[in-house]
Amino acid sequence: MNVREIHSRKSQNYRTKVSDEFRKTKGLILVTSDVSARGVDYPDVTLVIQLGVPADRQQYIHRLGRTGRKGKEGKGILLLAPWEDFFLHSIKDLPMKKAVLPSVDPNTNRKVEGALSSVEKASKESAYLAWLGYYNSVKNVSKDKYRLVELAQEFSRSIGLYEIPSIPRRVVNKMGLANIPGLRAI
(Lines give C-alpha, C1' and ligand atoms only; values in the text may rest on other atoms or scores of the structure.)
Protein backbone atom coordinates (compact mmCIF):
# COMPACT_ATOMS: atom_id res chain seq x y z
CA MET A 1 0.00 0.00 0.00
CA ASN A 2 1.20 3.46 -0.84
CA VAL A 3 0.40 5.46 2.34
CA ARG A 4 1.45 8.88 3.65
CA GLU A 5 0.68 10.72 6.89
CA ILE A 6 0.05 14.34 7.81
CA HIS A 7 -0.46 15.64 11.34
CA SER A 8 0.53 18.55 13.55
CA ARG A 9 3.77 16.94 14.73
CA LYS A 10 5.13 16.98 11.19
CA SER A 11 6.83 20.14 9.95
CA GLN A 12 4.92 22.47 7.64
CA ASN A 13 7.50 21.74 4.93
CA TYR A 14 6.84 17.98 5.24
CA ARG A 15 3.05 18.49 5.24
CA THR A 16 3.24 20.65 2.11
CA LYS A 17 5.43 18.08 0.34
CA VAL A 18 3.07 15.20 1.21
CA SER A 19 -0.02 17.25 0.25
CA ASP A 20 1.49 17.99 -3.15
CA GLU A 21 2.43 14.33 -3.62
CA PHE A 22 -1.11 13.25 -2.69
CA ARG A 23 -2.61 15.63 -5.24
CA LYS A 24 -0.35 14.29 -8.01
CA THR A 25 -0.28 10.55 -7.26
CA LYS A 26 -3.18 8.33 -8.24
CA GLY A 27 -3.99 5.61 -5.71
CA LEU A 28 -2.07 7.19 -2.83
CA ILE A 29 -3.67 6.84 0.60
CA LEU A 30 -3.41 9.83 2.93
CA VAL A 31 -3.89 9.38 6.66
CA THR A 32 -4.33 12.79 8.20
CA SER A 33 -5.45 14.50 11.35
CA ASP A 34 -7.73 17.51 11.31
CA VAL A 35 -4.89 19.69 9.98
CA SER A 36 -6.33 18.76 6.55
CA ALA A 37 -9.99 19.23 7.44
CA ARG A 38 -10.24 22.92 6.51
CA GLY A 39 -8.83 25.07 3.77
CA VAL A 40 -7.04 22.29 1.90
CA ASP A 41 -8.23 21.16 -1.52
CA TYR A 42 -7.52 17.60 -2.58
CA PRO A 43 -9.11 17.05 -6.00
CA ASP A 44 -10.45 13.63 -6.99
CA VAL A 45 -10.76 12.21 -3.46
CA THR A 46 -13.31 9.41 -3.68
CA LEU A 47 -13.41 8.17 -0.09
CA VAL A 48 -12.98 9.76 3.34
CA ILE A 49 -12.90 7.43 6.33
CA GLN A 50 -13.32 9.18 9.66
CA LEU A 51 -12.04 7.17 12.59
CA GLY A 52 -13.50 8.31 15.89
CA VAL A 53 -16.01 10.93 16.85
CA PRO A 54 -15.53 14.42 15.41
CA ALA A 55 -15.45 17.26 17.94
CA ASP A 56 -18.75 18.56 16.56
CA ARG A 57 -21.07 18.58 13.56
CA GLN A 58 -19.02 21.21 11.71
CA GLN A 59 -15.86 19.15 12.10
CA TYR A 60 -17.67 16.14 10.62
CA ILE A 61 -18.83 18.19 7.64
CA HIS A 62 -15.39 19.72 7.05
CA ARG A 63 -13.72 16.30 7.19
CA LEU A 64 -16.28 14.87 4.79
CA GLY A 65 -15.84 17.87 2.50
CA ARG A 66 -12.58 16.43 1.21
CA THR A 67 -14.53 14.01 -1.01
CA GLY A 68 -16.93 14.38 -3.92
CA ARG A 69 -15.88 17.92 -4.77
CA LYS A 70 -16.79 19.89 -7.89
CA GLY A 71 -19.67 17.61 -8.81
CA LYS A 72 -17.66 14.39 -8.56
CA GLU A 73 -18.80 11.27 -6.73
CA GLY A 74 -17.46 10.54 -3.30
CA LYS A 75 -18.28 8.57 -0.18
CA GLY A 76 -17.68 8.99 3.49
CA ILE A 77 -17.48 6.39 6.22
CA LEU A 78 -17.66 7.27 9.90
CA LEU A 79 -16.35 4.57 12.25
CA LEU A 80 -17.49 5.02 15.85
CA ALA A 81 -16.97 3.03 19.00
CA PRO A 82 -20.25 2.09 20.70
CA TRP A 83 -19.67 4.76 23.36
CA GLU A 84 -19.34 7.41 20.60
CA ASP A 85 -22.80 6.88 19.11
CA PHE A 86 -24.11 9.98 20.95
CA PHE A 87 -22.68 11.92 18.00
CA LEU A 88 -25.17 10.43 15.54
CA HIS A 89 -27.93 12.58 17.06
CA SER A 90 -26.15 15.75 15.89
CA ILE A 91 -26.06 14.59 12.26
CA LYS A 92 -29.38 12.73 12.07
CA ASP A 93 -30.69 15.15 9.43
CA LEU A 94 -27.85 14.32 7.03
CA PRO A 95 -28.22 11.56 4.44
CA MET A 96 -26.52 8.43 5.71
CA LYS A 97 -26.97 4.71 6.07
CA LYS A 98 -25.97 2.72 9.10
CA ALA A 99 -23.94 -0.26 7.96
CA VAL A 100 -24.04 -3.69 9.50
CA LEU A 101 -20.65 -4.82 10.73
CA PRO A 102 -19.29 -7.52 8.44
CA SER A 103 -18.24 -10.83 9.88
CA VAL A 104 -14.58 -10.88 10.82
CA ASP A 105 -12.01 -13.53 10.10
CA PRO A 106 -11.46 -15.44 13.37
CA ASN A 107 -7.71 -14.93 12.97
CA THR A 108 -8.05 -11.14 12.91
CA ASN A 109 -7.12 -10.64 16.57
CA ARG A 110 -3.97 -12.69 16.12
CA LYS A 111 -3.06 -10.74 12.98
CA VAL A 112 -3.66 -7.39 14.69
CA GLU A 113 -1.62 -8.42 17.73
CA GLY A 114 1.19 -9.51 15.42
CA ALA A 115 1.12 -6.18 13.59
CA LEU A 116 1.00 -4.23 16.86
CA SER A 117 4.00 -6.12 18.20
CA SER A 118 6.12 -4.49 15.49
CA VAL A 119 5.07 -0.96 16.51
CA GLU A 120 7.58 0.76 18.77
CA LYS A 121 6.50 1.30 22.37
CA ALA A 122 7.24 5.03 22.09
CA SER A 123 4.81 5.31 19.14
CA LYS A 124 2.11 3.53 21.13
CA GLU A 125 2.71 5.83 24.10
CA SER A 126 2.43 8.88 21.82
CA ALA A 127 -0.82 7.48 20.42
CA TYR A 128 -2.16 7.02 23.97
CA LEU A 129 -1.34 10.61 24.93
CA ALA A 130 -2.80 11.96 21.67
CA TRP A 131 -5.96 9.88 22.21
CA LEU A 132 -6.35 11.16 25.77
CA GLY A 133 -5.74 14.77 24.71
CA TYR A 134 -8.20 14.59 21.83
CA TYR A 135 -11.03 12.93 23.72
CA ASN A 136 -10.46 15.24 26.68
CA SER A 137 -11.40 18.05 24.28
CA VAL A 138 -14.63 16.36 23.11
CA LYS A 139 -17.39 17.72 25.37
CA ASN A 140 -19.63 14.66 25.52
CA VAL A 141 -16.69 12.40 26.38
CA SER A 142 -14.73 14.67 28.71
CA LYS A 143 -17.60 15.67 31.00
CA ASP A 144 -17.04 12.43 32.98
CA LYS A 145 -13.29 12.43 33.63
CA TYR A 146 -13.42 9.03 35.35
CA ARG A 147 -15.06 7.43 32.31
CA LEU A 148 -12.58 9.21 30.03
CA VAL A 149 -9.66 7.62 31.89
CA GLU A 150 -11.35 4.18 31.79
CA LEU A 151 -11.73 4.52 28.02
CA ALA A 152 -8.10 5.64 27.72
CA GLN A 153 -7.05 2.50 29.61
CA GLU A 154 -9.10 0.36 27.20
CA PHE A 155 -7.48 2.13 24.25
CA SER A 156 -4.04 1.58 25.78
CA ARG A 157 -4.64 -2.17 26.06
CA SER A 158 -6.12 -2.32 22.56
CA ILE A 159 -2.88 -1.02 21.04
CA GLY A 160 -0.72 -3.45 22.98
CA LEU A 161 0.39 -1.36 25.94
CA TYR A 162 0.28 -3.50 29.05
CA GLU A 163 1.26 -0.68 31.38
CA ILE A 164 -0.44 2.71 31.31
CA PRO A 165 2.10 5.24 29.96
CA SER A 166 3.28 7.94 32.31
CA ILE A 167 2.21 11.52 31.67
CA PRO A 168 3.95 14.65 32.96
CA ARG A 169 2.05 15.96 36.00
CA ARG A 170 1.75 19.43 34.43
CA VAL A 171 -0.05 17.87 31.42
CA VAL A 172 -2.39 15.91 33.70
CA ASN A 173 -3.19 19.11 35.62
CA LYS A 174 -3.69 21.12 32.42
CA MET A 175 -6.16 18.47 31.19
CA GLY A 176 -8.12 18.72 34.43
CA LEU A 177 -7.31 15.10 35.27
CA ALA A 178 -5.44 15.56 38.56
CA ASN A 179 -6.54 13.03 41.20
CA ILE A 180 -8.36 10.84 38.67
CA PRO A 181 -7.40 7.22 39.34
CA GLY A 182 -5.91 5.23 36.49
CA LEU A 183 -3.34 7.75 35.26
CA ARG A 184 0.41 7.62 35.89
CA ALA A 185 1.39 11.23 36.52
CA ILE A 186 5.12 11.87 36.96
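Is it fair to say residue 117 is hydroxyl-bearing (Ser, Thr, Tyr) and assigned by TED's automatic domain parsing to the domain that holds residue 134? Here the answer is yes, as residue 117 does meet what is asked. Selection within the stretch 90-107: residues that are surrounded by 10 or more Cβ atoms within 10 Å (Cβ to Cβ) and out of contact with any Lys or Arg (no Cβ under 8 Å at 6 or more places or on another chain). The member of this set that is farthest from residue 48 (Cα to Cα) is 94. Among the residues making up the stretch 1-49, those that are loosely packed, with under 15 Cβ neighbours inside 10 Å, farther than 21 Å from residue 130 by Cβ and of a type in the set (Val, Ile, Thr) are 16, 25, 46.
Would you mind stating whether residue 156 is hydroxyl-bearing (Ser, Thr, Tyr) and under 20 Å from the mean Cα position of the chain (by Cα)?
Values: hydroxyl-bearing (Ser, Thr, Tyr): yes; under 20 Å from the mean Cα position of the chain (by Cα): yes.
So residue 156 passes the test.
From the list 141, 112, which one is surrounded by 10 or more Cβ atoms within 10 Å (Cβ to Cβ) and touching a residue at least 60 places away in the same chain (Cβ under 8 Å)? Walk me through how you get there before you give the answer.
On the way: 112 fails: touching a residue at least 60 places away in the same chain (Cβ under 8 Å).
Among 141, 112, only 141 is surrounded by 10 or more Cβ atoms within 10 Å (Cβ to Cβ) and touching a residue at least 60 places away in the same chain (Cβ under 8 Å).
Does the stretch 122-132 contain any residue that is among the aromatic types (Phe, Trp, Tyr) and under 19 Å from the mean Cα position of the chain (by Cα)? Checked against the condition, which is being among the aromatic types (Phe, Trp, Tyr) and under 19 Å from the mean Cα position of the chain (by Cα), the stretch 122-132 yields at least one hit. Based on what the data block shows, is residue 99 over 22 Å from residue 123 (Cβ atoms), touching a Ser or Thr at 6+ places or on another chain (Cβ under 7 Å), in a loop (DSSP other than H, G, I, E, B) and modelled with pLDDT under 90? For residue 99, the condition - over 22 Å from residue 123 (Cβ atoms), touching a Ser or Thr at 6+ places or on another chain (Cβ under 7 Å), in a loop (DSSP other than H, G, I, E, B) and modelled with pLDDT under 90 - is not met.
Could you identify the single residue in 150, 125 that is acidic (Asp, Glu) and surrounded by fewer than 16 Cβ atoms within 10 Å (Cβ to Cβ)? Working first, answer last.
Numbers: 125 fails: surrounded by fewer than 16 Cβ atoms within 10 Å (Cβ to Cβ).
Only one candidate passes the filter, namely 150.
Could you tell me whether residue 120 is loosely packed, with under 12 Cβ neighbours inside 10 Å and acidic (Asp, Glu)? Criteria met by residue 120. When the test is whether a residue is in contact with a Ser or Thr (Cβ under 6 Å, 6 or more places away or on another chain), under 23 Å from residue 126 (Cβ atoms) and not small (Gly, Ala, Ser), residue 49 does not pass it.
Pairing each residue of the stretch 124-136 that is farther than 17 Å from residue 56 by Cβ with any residue that is of a type outside the set (Asp, Glu) and part of a helix (DSSP H, G or I), provided the two are 6+ apart or on different chains, yields C-beta distances under 7 Å for 128/152; 128/155; 128/156; 131/152; 131/155; 132/152.
The values are calculated or read from the model by the stated rules, or taken from the named source; none is laboratory data. Since the structure is predicted, the reported quantities are computational estimates derived from the model, not experimental observations. Methodologically, a virtual Cβ is constructed for each residue, glycine included, from the backbone with ideal geometry; neighbour enumeration extends over all protein chains shown.
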